[in-house]
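Enquirer: Okay, here's the structure, questions in a sec.
The values are calculated or read from the model by the stated rules, or taken from the named source; none is laboratory data. Predicted model only: the values in this text are computed from it and were never measured. Methodologically, a virtual Cβ is constructed for each residue, glycine included, from the backbone with ideal geometry; neighbour enumeration extends over all protein chains shown.
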């Protein structure tokens with residue numbers, strides 16, 4: 001069919017797909033806000049080194065880290081799949097979504113390493129632990145920004161004005177903090 005008929009190369013054009021509205025992004029943006037809050041807590045922990053957290057603080061932070069990272073991976077994958085699964089045969093889309101998923105795996109592994117330290121199962125020096133923490137929270141912040149930029153790029157023809165504004169506002173708010 002021709003593009004005029006709503007298809008290109010047998011695929012529906014962006015105009016014929018679900019319009020992405022702000023409600024489609026609410027859970028993702030709320031999840032990113034939670035993860036940014038966790039990153040802020042981890043950064044504060046890194047800034048305190050070589051002083052140590054109390055056992056109770058370390059356990060609470062470790063539990064939050066495990067819960068938020070696991071929930072984040074599930075939430076972000078669900079939103080991405082819902083919005084872009086039909087486009088996965090496009091090389092650019094596949095490459096960008098693959099990068100997001102690879103970062104999820106890396107974040108999960110790094111989170112496990114940090115939880116091991118917080119629970120006392122691993123005891124690196126303060127400098128090494130600070131490096132672990134900074135690598136994690138800086139990587140997470142970058143990954144969330146990358147995800148939002150990918151959504152702006154891949155969703156451009158389908159984003160409502162409010163959805164586009166939600167993503168841009170989220171990016172700008174993080175840059176300012």
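Enquirer: State all residues of the stretch 58-100 that are part of a loop (DSSP other than H, G, I, E, B) and in contact (Cβ under 8 Å) with a residue 12 or more places away in the chain; if no residue qualifies, say none. Before you say what the answer is, go through the steps one by one.
Expert: Step one: list which residues in the stretch 58-100 are part of a loop (DSSP other than H, G, I, E, B), which gives 88-90.
Within the stretch 58-100, just 89 meets the criteria.
Enquirer: Please find, among 74, 89, the residue that is loosely packed, with under 13 Cβ neighbours inside 10 Å and in contact with a strand residue (DSSP E or B) (Cβ under 9 Å, 6 or more places away or on another chain). Don't jump to the end; show me each part of the working.
Expert: Working: 74 fails: in contact with a strand residue (DSSP E or B) (Cβ under 9 Å, 6 or more places away or on another chain).
Result of the check over 74, 89: 89.
Enquirer: Let me ask you something else. Which one of these does residue 87 not meet: (1) over 20 Å from residue 114 (Cα atoms); (2) modelled with pLDDT of 90 or more?
Expert: Here residue 87 clears every test but (2).
Enquirer: What are the residues in the stretch 116-140 that are in contact with a helix residue (DSSP H, G or I) (Cβ under 6 Å, 6 or more places away or on another chain) and touching a residue at least 40 places away in the same chain (Cβ under 8 Å), if any?
Expert: If the condition is that a residue be in contact with a helix residue (DSSP H, G or I) (Cβ under 6 Å, 6 or more places away or on another chain) and touching a residue at least 40 places away in the same chain (Cβ under 8 Å), then 118, 119, 129, 130, 133, 134, 136, 137, 140 are the ones that fit.
Enquirer: Which number in (1) surrounded by 13 or more Cβ atoms within 10 Å (Cβ to Cβ); (2) closer than 19 Å to residue 151 by Cα marks the one condition that residue 113 misses?
Expert: Among (1) surrounded by 13 or more Cβ atoms within 10 Å (Cβ to Cβ); (2) closer than 19 Å to residue 151 by Cα, residue 113 violates only (2).
Enquirer: Based on this model, can you work out whether residue 133 counts as closer than 18 Å to residue 62 by Cα, over 19 Å from the mean Cα position of the chain (by Cα) and buried (at least 19 other Cβ atoms within 10 Å of the Cβ)? Working first, answer last.
Expert: Numbers: closer than 18 Å to residue 62 by Cα: yes; over 19 Å from the mean Cα position of the chain (by Cα): no; buried (at least 19 other Cβ atoms within 10 Å of the Cβ): yes.
In short, no.
Enquirer: Still on this model: Out of the residues in the stretch 142-163 meeting the condition of being farther than 18 Å from residue 93 by Cβ and without any contact (Cβ under 8 Å) to a residue 60 or more places away in the chain, tell me which one is surrounded by the fewest Cβ atoms within 10 Å (Cβ to Cβ).
Expert: Ranking the qualifying residues of the stretch 142-163, first place goes to 161.
Enquirer: Using the structure shown, decide if residue 120 is exposed (fewer than 14 other Cβ atoms within 10 Å of the Cβ), modelled with pLDDT under 95 and assigned to a helix (DSSP H, G or I). Working first, answer last.
Expert: Working: exposed (fewer than 14 other Cβ atoms within 10 Å of the Cβ): yes; modelled with pLDDT under 95: yes; assigned to a helix (DSSP H, G or I): no.
Against the criterion (exposed (fewer than 14 other Cβ atoms within 10 Å of the Cβ), modelled with pLDDT under 95 and assigned to a helix (DSSP H, G or I)), residue 120 does not qualify.
Enquirer: Pull up the stretch 19-51, narrow it to residues that are free of Cβ contacts under 8 Å to residues at least 24 places away in the same chain and more than 17 Å from the chain's Cα centre (by Cα), then point me to the one that is nearest to residue 76 (Cα to Cα).
Expert: Step by step, filter the stretch 19-51, then rank; the result is 23.
Enquirer: Checking the structure you have, find out if any residue of the stretch 47-57 is in a helix (DSSP H, G or I) and touching a helix residue (DSSP H, G or I) at 6+ places or on another chain (Cβ under 6 Å).
Expert: no
Enquirer: Output the residues belonging to the stretch 141-177 that are part of a loop (DSSP other than H, G, I, E, B) and closer than 14 Å to residue 36 by Cβ. Give the steps one after another, and end with the answer.
Expert: Pass one, the stretch 141-177, residues part of a loop (DSSP other than H, G, I, E, B): 156-158, 160, 177.
Listed by number, the list holds a single entry, 177.
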